[in-house]
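Shown next, in structure tokens, is the structure this report addresses.
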There are 2 protein chains.
Amino acid sequence: MPRVGLSREKLIEAGASLADREGFAAVTLAALARQFEVKLASLYAHVRNSEDLKTGIALLALDSLADRADAAVSGRAGKEAVAALAEVHRRFAADHPGLFEATRFPLNAEQAAGSGGMRLARAMRAALRGYGLSEADEVHAVRLLGSFFLGFSLLELGGNFAHSQPAPDLSFTRGLEALDATLKTWVKS
Amino acid sequence: MPRVGLSREKLIEAGASLADREGFAAVTLAALARQFEVKLASLYAHVRNSEDLKTGIALLALDSLADRADAAVSGRAGKEAVAALAEVHRRFAADHPGLFEATRFPLNAEQAAGSGGMRLARAMRAALRGYGLSEADEVHAVRLLGSFFLGFSLLELGGNFAHSQPAPDLSFTRGLEALDATLKTWVKS
DNA sequence: GTTTTTTGCCTAATATCATTAGTTTTTATG
DNA sequence: CATAAAAACTAATGATATTAGGCAAAAAAC
């Protein structure tokens with residue numbers, strides 16, 4: 001019986017593709033075993049357990065998002081950079097809901113420290129450079145923007161904006177304008 | 001064999017309690033069957049399936065959150081009301097993470113229309129009354145605030161603010177101040 | 001009170017997913 | 001070529017979920 005030639009990387013890649021096509025919940029060890037035409041137990045030679053596989057997919061998804069964020073803020077600052085970054089988040093969530101969901105898989109501190117999540121925070125700080133905030137205020141602003149990006153995408157994906165007008169596009173734009181305005185005149189303590 | 005006296009309401013209540021104690025993921029038909037000392041298949045006389053049960057729990061959790069929101073904005077408007085509402089969201093998420101997660105369970109349009117989620121939106125609009133926004137701008141603001149509340153709680157619960165200073169409390173306060181400032185001078189199109 | 005109907009709970013079966021321990025076979029290494 | 005390492009398999013186990021049919025408790029009807 002020749003070996004199929006599985007590897008951890010292959011499983012993670014295939015898992016991410018499956019997440020993108022059918023949603024993160026469709027990613028199971030059983031599904032991947034079927035895809036590679038091996039017995040399920042064979043996968044344990046390459047991943048510790050289901051959670052280990054999903055962690056790998058989450059890290060890959062975060063890196064994918066971070067790549068796009070880095071590209072978006074490159075050569076930009078201030079309002080333009082923030083808007084570009086916001087667009088990246090929203091487009092990623094809308095175009096790749098399965099991968100977006102994967103980015104939300106819980107990671108431990110060590111995993112998070114080396115992840116695309118940190119790169120995202122750096123891209124956000126780079127985008128905020130044009131606002132001239134202090135170091136502490138920059139963190140507050142990163143958290144404010146990060147919360148808005150995440151919350152908006154989740155609410156939109158969940159259909160929360162589907163039952164009322166105006167269209168979400170406009171709310172997104174107006175929300176960014178409001179945030180830009182307040183960043184320009186950041187309140188002092 | 002005397003009947004245990006199960007009912008749909010009892011199962012939903014017990015499920016919500018279990019979610020609160022051990023997290024939403026711990027809520028399974030099997031777990032509830034054990035708790036009531038009946039065979040799992042018996043539960044199907046009261047709920048259609050696992051999703052039906054979880055939908056019921058989600059609606060109960062949303063109502064619980066909405067009750068707190070209504071109480072918080074009662075007799076308040078403007079900055080004070082928004083801050084109280086924000087606190088309710090954040091406290092609920094932090095004190096009842098299992099129930100908070102339940103509120104995020106997907107609902108169809110009909111279920112959502114009659115849910116505590118609509119009451120939350122109303123409480124939000126009531127809180128915004130003090131800012132004198134137009135009807136359309138009010139929707140944008142509801143979505144901006146709702147996104148921030150949800151996003152902040154999720155990031156905080158996920159440990160995203162655990163690896164850096166300043167403490168999340170301060171970021172939350174400063175974020176609200178920034179949002180208050182921009183609501184006061186809402187950008188015109 | 002008795003009889004009939006409804007409905008709650010159980011049994012049996014089935015399906016799916018996940019994990020572990022040990023075995024066999026393939027591939028890599030010396 | 002022989003040996004060791006590792007990939008893939010087998011068997012077993014455990015957990016969750018759902019369906020169909022049967023039995024008996026409780027409710028409804030007489």
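Read the figures in this text as sums done on the coordinates, not as results from a lab. All figures in this text were calculated on a predicted structure; none of them were measured in a lab. When we count neighbours, we look across all protein chains shown, and the Cβ atoms used for this are built from the backbone with ideal geometry, even at glycine.
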> Filter the stretch B:155-168 for residues that are assigned to a helix (DSSP H, G or I) and free of Cβ contacts under 8 Å to residues at least 60 places away in the same chain; which is surrounded by the fewest Cβ atoms within 10 Å (Cβ to Cβ)?
Replying inline: B:155
> What residue, of B:123, B:181, is facing chain A (nearest Cβ under 8 Å) and touching a helix residue (DSSP H, G or I) at 6+ places or on another chain (Cβ under 7 Å)?
Replying inline: B:181
> Of the numbered conditions (1) away from chain B (no Cβ under 12 Å); (2) touching a residue at least 60 places away in the same chain (Cβ under 8 Å); (3) within 16 Å of DNA strand C (Cβ to nearest atom), residue A:54 satisfies every one except a single condition; which is it?
Replying inline: (2)
> Would you pick out the residues in the stretch A:37-48 that are more than 7 Å from DNA strand D (Cβ to nearest atom) and surrounded by 15 or more Cβ atoms within 10 Å (Cβ to Cβ)?
Replying inline: A:43, A:47
> What number of residues within the stretch B:9-43 satisfy the criterion of being among the hydroxyl-bearing types (Ser, Thr, Tyr) and within 10 Å of DNA strand C (Cβ to nearest atom)?
Replying inline: 1
> Which one of B:84, B:121 is in a helix (DSSP H, G or I), touching a residue at least 40 places away in the same chain (Cβ under 8 Å) and away from DNA strand D (no atom under 16 Å from the Cβ)?
Replying inline: B:84
> Picking from B:141, B:83, which residue would you name as being closer than 19 Å to residue B:178 by Cα and crowded, with 20+ Cβ neighbours inside 10 Å?
Replying inline: B:141
> Within the stretch B:10-36, restricting attention to residues that are within 12 Å of DNA strand D (Cβ to nearest atom) and outside any helix (DSSP H, G or I), which residue is surrounded by the most Cβ atoms within 10 Å (Cβ to Cβ)?
Replying inline: B:27
>> All but one of (1) under 14 Å from residue A:69 (Cβ atoms); (2) small (Gly, Ala, Ser); (3) free of Cβ contacts under 8 Å to residues at least 60 places away in the same chain hold for residue A:132; state the number of the condition that does not hold.
In response: (1)
> Restricting the stretch B:142-170 to residues that are in contact with a Ser or Thr (Cβ under 9 Å, 6 or more places away or on another chain) and polar (S, T, N, Q), which is nearest to the other protein chains (Cβ to nearest Cβ)?
Replying inline: B:147
> For the stretch B:37-59, how many residues meet the condition of being among the charged types (D, E, K, R) and either in a loop (DSSP other than H, G, I, E, B) or touching a helix residue (DSSP H, G or I) at 6+ places or on another chain (Cβ under 8 Å) (or both)?
Replying inline: 4
> Does residue B:99 fit the bill of being touching an Asp or Glu at 6+ places or on another chain (Cβ under 7 Å), more than 16 Å from DNA strand C (Cβ to nearest atom) and more than 14 Å from every other protein chain (Cβ to nearest Cβ)?
Replying inline: yes
> Within the stretch A:58-74, is there a residue that is away from chain B (no Cβ under 14 Å), buried (at least 21 other Cβ atoms within 10 Å of the Cβ) and within 16 Å of DNA strand C (Cβ to nearest atom)?
Replying inline: no
